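For reference, the structure is listed below as structure tokens.
Nothing in this text is a laboratory measurement; each read-out follows from the coordinates by a stated rule. Just so we're clear, the structure is a prediction, and the values are computed from it rather than from any experiment. FYI the Cβ positions are ideal-geometry reconstructions off the backbone, even for glycines, and counts take in every protein chain you see.
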């Protein structure tokens with residue numbers, strides 16, 4: 001073997017080794033890390049109060065005003081609703097969309113259900129975040145409201161935040177079992193949860 005062929009052969013091995021290392025380095029290079037998603041809002045209430053002005057829907061005469069306050073386990077709604085049939089029972093729910101523009105309030109969408117649970121009764125197993133107990137109208141067609149929505153927050157933008165969503169009063173009471181909305185009948189009033197402080 002001549003000196004020049006030895007040098008060429010040695011150079012060939014060196015080039016092959018460098019190329020092999022380059023190939024291995026290319027194979028071992030990890031893809032660039034994906035940017036982290038912004039952290040989700042914490043599921044705690046940041047607002048202290050909100051109000052709901054209920055206007056009639058579905059050609060009813062029902063209207064009212066509710067105050068909304070956060071609590072340790074959800075939100076509490078209190079106030080007065082009038083124009084109901086004297087002595088009647090009515091469902092009241094928080095719905096997913098803050099939109100009362102449709103004559104029948106269908107624009108409010110279905111019950112607010114951030115945990116994708118079946119419809120039920122608040123405080124008694126699985127239920128929608130927007131499920132609340134029925135309200136009763138007195139002999140003058142007025143209901144004094146004091147209800148609770150469990151597992152939701154007021155303000156803060158978390159997945160379970162009810163701020164900006166609609167409150168619906170239904171024509172009939174909620175049976176707490178029929179899916180997806182308790183067989184509560186048409187929507188007779190609608191209002192938006194507006195944060196006030």
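Data for the structure
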{"item": "Pair residue 102, residue 85: separation of 7 Å Cα→Cβ label points (nm)", "result": "2.3 nm"}
{"item": "Translational diffusion of the stretch 50-195, µm² s⁻¹ [Kirkwood Rh, Cα pairs; Stokes-Einstein; 10 °C; 1.306 mPa s]", "result": "109 µm²/s"}
{"item": "Protection proxy ranking of 188-196, 59-67 - average other beta-carbon atoms within 10 Å, highest first", "result": "188-196, 59-67"}
